[in-house]
């Protein structure tokens, strides 16, 4: 699955170029971004797509020395569940 990037979003498209999964964020400050929305089309659910998107956002945060403030419920739960995000969670 190819993850594309846009303005404050990482997303996956179907074969027609329609977005079928995304994770969006807002810039809070020079050091913090807010993960505010995660969506995965029902046809992709249960395949770890949301985590792939969060991993891409996490890599973006690490590459840019940012912390992530979780606002969307998926990211809140993922930050509680997985220790791998401890270096970037706020």
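Each residue in region 64-81 was checked for being over 16 Å from residue 26 (Cβ atoms) and over 14 Å from the mean Cα position of the chain (by Cα), and 3 pass. Residues that are at negative phi and in a loop (DSSP other than H, G, I, E, B) were ranked within region 27-59; the one that is surrounded by the fewest Cβ atoms within 10 Å (Cβ to Cβ) is 30.
For residue 24, the conditions (1) within 14 Å of residue 5 (Cβ to Cβ); (2) in contact with a strand residue (DSSP E or B) (Cβ under 9 Å, 6 or more places away or on another chain); (3) outside any strand (DSSP E or B) are fulfilled apart from (3).
No lab work stands behind these numbers, since they all come straight from the coordinates. All of these numbers come straight from a predicted model, not from anything done at the bench. In this analysis, Cβ positions are derived from the backbone assuming ideal geometry, glycine residues included, and neighbour counts consider all displayed protein chains.
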